[in-house]
Every structure is written in C-alpha cells, then in structure tokens.
Amino acid sequence: MVQSANFPIGIFDSGVGGTSIWKEIVTLLPNENTIYLADSKNAPYGEKSKDEIIELSIKNTKFLLNQNCKIIVVACNTATTNAIKTLRQKYDIPFIGIEPAIKPAALSTKTNVVGILATKGTLNSELFESTSSLFKEKITIIETIGKGLVDLIENGEINSPEMSKLLATYLQPMLEQNVDCLVLGCTHYPYLIPQIRKIVGNKMQIIDSGLAVAKQTKAILEKNNLLQVNMQKGKHQLFSNSTIQVLEMLVGNQIALTEIKKRDF
Ligand code: DGL
C-alpha cells in the first residue's frame with residue numbers, strides 16, 4: 001500500500017499504559033493524527049507466552065493497518081521485546097518499539113547498580129537478554145518483575161494503598177542494594193512515578209524512554225517522507241476493547257480533538 005503523510009500514526013499497547021508514549025508523541029508532533037489501541041481485554045501481556053504475545057501484536061497491527069496507519073508504534077516493552085521482529089518481517093511498514101533503557105542508566109549510575117522494573121515477558125525475552133548482557137560486565141543489574149502493577153493500573157488503582165504496598169516490596173530491596181538508577185521497563189509505570197518517589201525519595205534517578213520513542217518516531221517519519229505537512233492540529237482516536245473509564249481518567253481532555261471509544265478489535 002502507498003503510504004501518505006496524511007495517514008495516522010498507529011500506536012498500541014496491552015492496555016492504557018502506552019498512553020504515556022502517546023502523550024509524548026502528540027506533544028512532539030501536534031499536527032499528526034493518531035489512533036491508539038488499548039488491548040485491555042487481553043492485559044496483562046507480561047504473563048503470556050511469546051506466541052500469545054506475537055498473536056495479539058499481529059491482531060493489533062492488522063486493525064491499525066486497516067485504518068491506513070503509516071507507521072506503527074509498539075508502545076509496550078513486552079510486545080516489542082517478544083514480537084517486533086516478527087512484525088517487521090511480516091509487514092512492510094515502519095515499526096517503532098520500546099525497550100528498557102539500560103544504556104542511559106549504565107551511563108548515569110554512580111553506584112554501578114541499576115534497577116530494572118519490567119514485566120516477566122520483557123525480562124525473559126531474548127532481546128532483553130542480549131541487550132542487558134552488553135552491560136553486565138560493567139554494572140550490576142537488579143531485574144525485578146513488577147507482577148500485579150499493570151493489573152492495578154488497568155483497574156485505575158494508581159494511588160491505592162495496595163499499589164504503595166506492592167511498589168515498596170519491589171523497591172525496598174533495590175534501595176538496600178544501592179540502586180541509584182531505576183529503569184521503568186513498562187509503559188504503564190510512568191503513571192507510578194509520584195508513588196515511586198514517595199518510596200525512594202531522591203535516592204534514585206528514574207529513567208523512562210517515552211520522549212526518546214517520540215523523537216525516534218519523528219526521525220523515521222522524516223526519513224520516509226511521511227511527516228505531516230498540514231499545519232492543522234491533529235485528531236486522535238483512542239480505542240479500548242474493555243471499559244474506557246481508565247483511559248478517560250489518564251487522558252481526559254488534556255489534548256484537544258481526542259475521542260475515546262469502546263471498540264472491538
Ligand atoms: N505496557 C506494557 C509494557 O510496556 C505492559 C505489559 C503487560 O501488559 O503486562 O510492557
């Protein structure tokens with residue numbers, strides 16, 4: 001299919017978390033139209049097998065291609081680390097992915113101990129394994145599965161006592177092991193930064209790659225001559241295949257021309 005600069009940017013995640021990336025993209029590229037899929041009916045992806053994650057990622061990609069998306073941003077570390085290779089082999093369209101930002105953490109750490117909070121699916125993936133092995137000689141990497149965090153966020157329980165308790169069980173051991181850089185390896189987690197700060201204070205730098213993904217999206221659009229030239233504000237459609245309440249809570253009316261709908265895909 002011939003791509004046009006007027007076509008939308010497609011973005012998907014296992015649920016509402018990828019809106020942390022969507023916000024960076026629409027802020028950096030305000031004239032682009034976007035379609036965001038929250039596959040909340042199937043969240044969390046992090047506990048699923050690689051094959052299941054690939055199957056769900058293909059389903060989301062097909063839907064976005066049917067909507068004429070010119071580029072697809074896989075706004076999910078779990079889907080990127082397990083499925084982006086297959087997606088790139090299968091479809092002739094640019095894909096942008098997100099992976100835990102170990103490199104910036106390795107460059108910033110003073111204690112040489114870096115913490116990574118991510119899903120089981122991300123931490124067990126071959127892609128994560130090969131990236132992290134590049135740094136393991138120089139720094140100690142404490143990998144922690146954030147089991148349960150995505151479920152609570154999907155339920156809208158970002159500030160609940162359960163969330164604080166769960167976060168403390170993951171972060172206290174990191175504090176004890178002298179972690180000074182914490183990599184947020186899941187796109188849901190930026191919504192937890194205020195809660196994380198309450199536990200770790202200023203003892204850790206928190207690293208997430210939302211802005212880097214937005215910049216990479218812009219660079220790849222430019223390279224392919226697909227950057228929107230129309231100067232009107234972009235329109236945004238956000239679809240969830242579950243309830244839309246949490247999407248509305250996280251995105252609300254922060255960005256003009258945004259429509260949030262329940263839709264099957
Ligand atoms: N936002 C997804 C990620 O970045 C969450 C994964 C999940 O659904 O478990 O990995």
Extreme residue, farthest from the ligand (Cβ to nearest atom), among residues of region 195-234 that are polar (S, T, N, Q) and surrounded by 15 or more Cβ atoms within 10 Å (Cβ to Cβ): Q228
With respect to the numbered conditions (1) on the phi < 0 side of the Ramachandran plot; (2) without any contact (Cβ under 8 Å) to a residue 24 or more places away in the chain, which one is the sole condition not fulfilled by G252? (1)
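Per-residue answers, yes or no, for (1) more than 16 Å from the ligand (Cβ to nearest atom); (2) over 17 Å from the mean Cα position of the chain (by Cα):
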| site | (1), (2) |
| --- | --- |
| K23 | no, no |
| K59 | no, yes |
| T78 | no, no |
| I96 | no, no |
| L107 | yes, yes |
| K120 | no, no |
Got at least one residue in region 26-47 being farther than 22 Å from N124 by Cβ, in contact with an Asp or Glu (Cβ under 8 Å, 6 or more places away or on another chain), more than 16 Å from the ligand (Cβ to nearest atom) and assigned to a helix (DSSP H, G or I)? yes
Test: residue in region 175-194 that is without any contact (Cβ under 8 Å) to a residue 24 or more places away in the chain, within 15 Å of the ligand (Cβ to nearest atom), in contact with a helix residue (DSSP H, G or I) (Cβ under 8 Å, 6 or more places away or on another chain) and at negative phi: no
Among (1) more than 16 Å from the chain's Cα centre (by Cα); (2) more than 15 Å from L127 (Cβ to Cβ), there is one condition R88 misses while meeting the rest; what is its number? (2)
For region 122-156, give me each residue that is small (G, A, S) and under 15 Å from the mean Cα position of the chain (by Cα). G146
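Would you check if G121 is small (G, A, S), outside any helix (DSSP H, G or I) and modelled with pLDDT of 95 or more? I'd like the intermediate steps shown before the answer.
Values: small (G, A, S): yes; outside any helix (DSSP H, G or I): no; modelled with pLDDT of 95 or more: yes.
So G121 fails the test.
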Any chance E143 is exposed (fewer than 15 other Cβ atoms within 10 Å of the Cβ), outside any loop (DSSP other than H, G, I, E, B), at pLDDT 95 or above and of a type outside the set (S, T, Y): no
I'd like the full set of residues that are hydrophobic (A, V, I, L, M, F, W, C) and away from the ligand (no atom under 16 Å from the Cβ), limited to region 61-76. F63, L64, L65, C69, I71
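Specify which of the listed residues (I84, I116) is on the phi < 0 side of the Ramachandran plot, outside any strand (DSSP E or B) and within 16 Å of the ligand (Cβ to nearest atom). Working first, answer last.
Numbers: I116 fails: outside any strand (DSSP E or B).
Answer to the selection: I84.
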Within region 5-16, residues within 10 Å of the ligand (Cβ to nearest atom) and either polar (S, T, N, Q) or over 14 Å from N241 (Cα atoms) (or both) come out as S14
I'd like to know if region 28-45 contains one or more residues that are surrounded by 21 or more Cβ atoms within 10 Å (Cβ to Cβ), within 23 Å of I207 (Cβ to Cβ) and among the β-branched types (V, I, T). no
Scanning region 102-118 residue by residue, those closer than 22 Å to K215 by Cα and surrounded by fewer than 21 Cβ atoms within 10 Å (Cβ to Cβ) turn out to be K103, P104, A106, L107, S108
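The values are calculated or read from the model by the stated rules, or taken from the named source; none is laboratory data. Predicted model, so just to flag it, every value in this text is computed and none were measured. Every residue, glycine among them, receives a Cβ derived from its backbone with ideal geometry; neighbour counts consider all protein chains shown.
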